[in-house]
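Asker: The structure under discussion is supplied below as structure tokens; questions concerning it will follow.
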Amino acid sequence: MDVILFTLFNGLLYGMLLFMLSSGLTLIFGMMGVLNFAHASFFMLGAYFAYQISKYIGFIPALFIAPLIIAFCGAMVEKYALRRVHKFGHVAELLFTFGLFYIIEELVQMIWGKVPVGYHVPEYMDFTLFSMSGMGYQAYAMFTLVVSIAMFIVLFSVLTKTRAGLIIQAALTHPEIVSSLGHNVPKVFMLVFGLGCALAGLAGVLAGNTLGTEPSMALSLGPIVFVVIVVGGLGSLKGALVASILIGIVQTTAISLDYSINNFIELIGFSVDIESLWRILIDLTISQIAPILPYLLLVLMLIFRPRGLFGNRDV
Amino acid sequence: MLKISDLHAYYGKSHILRGVNLKISKGEIIALLGRNGVGRSTLVKSVMGLVPITGSIIYKNDEIVGNATHDIALKGIGYVPENRDVFPTLTVKENLLLGVKDKNAKAEWTVDEMFALFPNLKERADVSASALSGGEQQMLTICRCLMGNPEFMMIDEPTEGLSPQMVETVAELLKKIASKGISILLVEQKLTIALRLAARVYLMGHGKIVFEGTPKELEKNNKIRKEWLEV
């Protein structure tokens, strides 16, 4: 029982990090159709900016200032670059964000170097808050969880209860009609892009000091974010939350399962020749294939339910 | 109120509007008639800035060609699209509230007035707009447009696919809107509704205006009707 609780809890922690990272992208992708390949780069920038700011004025101010800077950067990218590229179609947009990804990575390496920087958990949150199954949970991990849950509540309330949120929801599916009702859709797009980047930046601030702040961090988390938004459903915040937690739990559970198909075959009294080619495959443990499980889920979702769990339109 | 001169519109290499000229005065109902594919919807989209165009569109003494769609809407032009584009994920009431352009401006039309006009919408105020019938969705899009206090409305095929009873309701609503001094450009395929409501009609063919006059004049002109309107 303890093991299940422990796995679920770890899955929840990882899932909420994925949610922070993917919520912004699901809005951007769902609303503007922009496959922002550079989204995780803003996550990385969040971590580096927080590292720099917290060196001078502490972690808590960095928690607010870094996402604000990222929001501004994101909004400017949308207004002065992406909007111009948009008229050449989605392929041009994809290539643009692909280029942006590498530009940001190179800039980060030029400024902060190729090795991880010393961005650490603040001392006043670096203690064990409670233990479960002999595993201690750091106060900072709980802080991250609380912030991510608060972020979901605020974002969901803004999107569903405010006029600005209603405009965003309507512009997700009918941008021309929203414009013809007198709402400035390009400005809405710019703000959503800025907000989406800020959310990724916030995730970077919170995760950079536990996952490590280094130039490859965008590449290591970038692809999984696309899995989350496709599985959850384009433009659906609820979908992003459910898919993040689902993928978080699937990955953490799979990593802890050291069983292979061969174990099962032996359990029912059969055996496969040790020289057989199949043996290599059936000897693979679930923990070994854990990294590909989210992508398998992505492929299955695209084949059987392209609109995702909670989306209202196909990819 | 609105004067369109030598308007040309293009979709890629296709030349859709080929020098359209049209005029609407304050408080007037004008019908824009023509068969499918002659450019009627493109004309109203052009006025809203949704299509690349050349030419001139003067609205209340201002040239609006080149203006952004939301700026055109804020000048007082309302647009009801042909395919009843309600916002499907929002409720009926939320759809209406999104029609309000300026929260601080004095409201000429309120949600309560809309509900008084269409009790069906009131009963389903908190229901998702996608759950409404075709006729109810048409009412909702017209009401949503009215919530923005337009001085000039362009309504694209409001009676398309509606029951005769619903067509009657739409006609009554349009009369009520016009009685408040709002000019209406009514895009229609049928002559019947235009005969009942419009002061003047424009008939389009091959991206041009091929007839301009009163509905009675068009009704009497068999040659023009047969060539450009009847199937």
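The values are calculated or read from the model by the stated rules, or taken from the named source; none is laboratory data. Being a predicted model, the structure only gives us computed values, none of them experimental. Reconstructed Cβ throughout: ideal geometry from the backbone, glycine too, with neighbour counts over all protein chains shown.
Asker: With (1) modelled with pLDDT of 85 or more; (2) in a loop (DSSP other than H, G, I, E, B) as the list, and B:E230 as the residue in question, which single condition is left unmet?
Answerer: Going through (1) modelled with pLDDT of 85 or more; (2) in a loop (DSSP other than H, G, I, E, B) one by one, B:E230 breaks only (1).
Quick grid of which residues meet (1) more than 21 Å from the chain's Cα centre (by Cα); (2) within 27 Å of A:L18 (Cα to Cα); (3) among the hydroxyl-bearing types (S, T, Y); (4) surrounded by 13 or more Cβ atoms within 10 Å (Cβ to Cβ):
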| position | (1), (2), (3), (4) |
| --- | --- |
| A:F270 | yes, no, no, no |
| A:E275 | yes, no, no, no |
| A:I280 | yes, no, no, no |
| A:T285 | yes, yes, yes, yes |
| A:Y295 | no, yes, yes, yes |
| A:F304 | yes, yes, no, no |
| A:L309 | no, yes, no, yes |
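Asker: Please indicate, with yes or no, whether at least one residue in region A:127-139 is more than 30 Å from B:K93 (Cα to Cα) and within 20 Å of the chain's Cα centre (by Cα).
Answerer: Filtering region A:127-139 down to residues more than 30 Å from B:K93 (Cα to Cα) leaves A:127-139.
Then keep just the ones that are within 20 Å of the chain's Cα centre (by Cα); that gives none.
Looking through region A:127-139, none of the residues is more than 30 Å from B:K93 (Cα to Cα) and within 20 Å of the chain's Cα centre (by Cα).
Asker: Tell me which residues, restricted to region A:266-315, are of a type outside the set (F, W, Y), under 29 Å from B:P88 (Cβ atoms) and not in a loop (DSSP other than H, G, I, E, B).
Answerer: Restricting attention to region A:266-315, the residues satisfying the condition of being of a type outside the set (F, W, Y) are A:266-269, A:271-277, A:279-294, A:296-303, A:305-309, A:311-315.
Of the ones still in play, those that are also under 29 Å from B:P88 (Cβ atoms) are A:297-303, A:305-309, A:311-315.
Within region A:266-315, A:L297, A:L298, A:V299, A:L300, A:M301, A:L302, A:I303 qualify.
Asker: Name every residue in region B:30-78 that is among the polar types (S, T, N, Q) and in contact with a Ser or Thr (Cβ under 8 Å, 6 or more places away or on another chain), in order of residue number. Before the answer, list the steps.
Answerer: Initial filter on region B:30-78 (among the polar types (S, T, N, Q)): B:36, B:41-42, B:46, B:54, B:56, B:61, B:67, B:69.
Scanning region B:30-78 gives B:S56, B:T69.
Asker: Can you find a residue in region A:118-128 that is among the aromatic types (F, W, Y) and either within 25 Å of A:F29 (Cα to Cα) or within 14 Å of chain B (Cβ to nearest Cβ) (or both)?
Answerer: no
Asker: Within region B:45-63, does at least one residue satisfy the condition of being among the acidic types (D, E) and part of a helix (DSSP H, G or I)? Let's see the steps before the verdict.
Answerer: Our first condition is that a residue be among the acidic types (D, E); within region B:45-63, this holds for B:62-63.
Next cut, part of a helix (DSSP H, G or I) only: none.
Within region B:45-63 (the criterion being among the acidic types (D, E) and part of a helix (DSSP H, G or I)), the answer is no, since none of the residues qualifies.
Asker: Moving on. Please give the helices (runs of 4 or more DSSP H) falling wholly within region B:74-178 in which 1 or more residues are within 10 Å of chain A (Cβ to nearest Cβ).
Answerer: Working: elements: B:92-98, B:111-117, B:119-123, B:134-146.
Per the criteria, B:92-98, B:134-146.
Asker: Still on this model: So if I check each of A:F143, A:F193, which one is within 26 Å of A:M44 (Cβ to Cβ), aromatic (F, W, Y) and surrounded by 24 or more Cβ atoms within 10 Å (Cβ to Cβ)? Show your work before the answer.
Answerer: Numbers: A:F143 fails: surrounded by 24 or more Cβ atoms within 10 Å (Cβ to Cβ).
That would be A:F193, the only listed residue that is within 26 Å of A:M44 (Cβ to Cβ), aromatic (F, W, Y) and surrounded by 24 or more Cβ atoms within 10 Å (Cβ to Cβ).
Asker: Taking the condition closer than 17 Å to A:Q169 by Cβ and either of a type outside the set (D, E, K, R) or in contact with a strand residue (DSSP E or B) (Cβ under 6 Å, 6 or more places away or on another chain) (or both), does B:L98 pass?
Answerer: Numbers: closer than 17 Å to A:Q169 by Cβ: yes; either of a type outside the set (D, E, K, R) or in contact with a strand residue (DSSP E or B) (Cβ under 6 Å, 6 or more places away or on another chain) (or both): yes.
Yes; evaluated as a whole, the condition is true for this residue.
Asker: Part of a helix (DSSP H, G or I) and in contact (Cβ under 8 Å) with a residue 60 or more places away in the chain: does that describe B:L185?
Answerer: Details: part of a helix (DSSP H, G or I): no; in contact (Cβ under 8 Å) with a residue 60 or more places away in the chain: yes.
Here the answer is no, as B:L185 does not meet what is asked.
Asker: Further question: Considering only region B:79-117, how many residues are aliphatic (A, V, I, L, M) and surrounded by fewer than 18 Cβ atoms within 10 Å (Cβ to Cβ)? Reasoning before the result, please.
Answerer: As a first pass, look at region B:79-117 and keep what is aliphatic (A, V, I, L, M): B:80, B:86, B:90, B:92, B:96-98, B:100, B:105, B:107, B:111, B:114, B:116-117.
Okay, now just the ones that are also surrounded by fewer than 18 Cβ atoms within 10 Å (Cβ to Cβ), so B:97, B:105, B:107, B:116.
Result for region B:79-117: 4.
Asker: Here is a further query. Tell me yes or no: at least one residue of region B:2-18 is within 26 Å of A:K87 (Cβ to Cβ) and among the acidic types (D, E). Steps first, answer last, please.
Answerer: The initial filter retains those residues of region B:2-18 that are within 26 Å of A:K87 (Cβ to Cβ), namely B:4, B:6-18.
Remaining after also requiring among the acidic types (D, E): B:6.
Yes, region B:2-18 has at least one match.
Asker: Consider region B:51-73. How many of its residues are polar (S, T, N, Q) and within 13 Å of another protein chain (Cβ to nearest Cβ)? Show your work before the answer.
Answerer: Within region B:51-73, the first condition is being polar (S, T, N, Q), and the residues that meet it are B:54, B:56, B:61, B:67, B:69.
Filter again for within 13 Å of another protein chain (Cβ to nearest Cβ), leaving B:67, B:69.
Qualifying residue count, region B:51-73: 2.
Asker: Considering only region A:219-227, I want to know if a residue exists there that is surrounded by fewer than 17 Cβ atoms within 10 Å (Cβ to Cβ) and not hydroxyl-bearing (S, T, Y).
Answerer: To start, the set of residues in region A:219-227 that are surrounded by fewer than 17 Cβ atoms within 10 Å (Cβ to Cβ) comprises A:219-220, A:223.
Adding the requirement that they be not hydroxyl-bearing (S, T, Y) leaves A:219, A:223.
Checking region A:219-227: at least one residue is surrounded by fewer than 17 Cβ atoms within 10 Å (Cβ to Cβ) and not hydroxyl-bearing (S, T, Y).
Asker: Hey, could you check region A:166-183 for residues that are touching a Gly at 6+ places or on another chain (Cβ under 7 Å) and facing chain B (nearest Cβ under 7 Å) and say which is nearest to B:V86 (Cα to Cα)? Please lay out each step first, then the result.
Answerer: Keep residues of region A:166-183 that are touching a Gly at 6+ places or on another chain (Cβ under 7 Å), which gives A:172, A:181-182.
Still in the list and also facing chain B (nearest Cβ under 7 Å): A:181-182.
Values: A:L181: 12, A:G182: 16 Å.
Per the criteria, the residue is A:L181.
Asker: Go through A:G201, A:G182 for me and flag whichever is on the phi > 0 side of the Ramachandran plot and not charged (D, E, K, R).
Answerer: Step by step, each of A:G201, A:G182 is checked, and only A:G182 is on the phi > 0 side of the Ramachandran plot and not charged (D, E, K, R).
Yes/no matrix, rows are residues, columns are (1) out of contact with any strand residue (DSSP E or B) (no Cβ under 9 Å at 6 or more places or on another chain); (2) closer than 28 Å to B:G76 by Cα:
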site: A:M132; (1), (2): yes, no
site: A:A139; (1), (2): no, no
site: A:M142; (1), (2): no, no
site: A:L145; (1), (2): yes, no
site: A:S148; (1), (2): yes, no
site: A:M151; (1), (2): yes, no
site: A:V154; (1), (2): yes, no
site: A:A171; (1), (2): yes, yes
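Asker: Could you go through region A:138-156 and let me know if any residue there is within 14 Å of chain B (Cβ to nearest Cβ), of a type in the set (S, T, Y) and assigned to a helix (DSSP H, G or I).
Answerer: no
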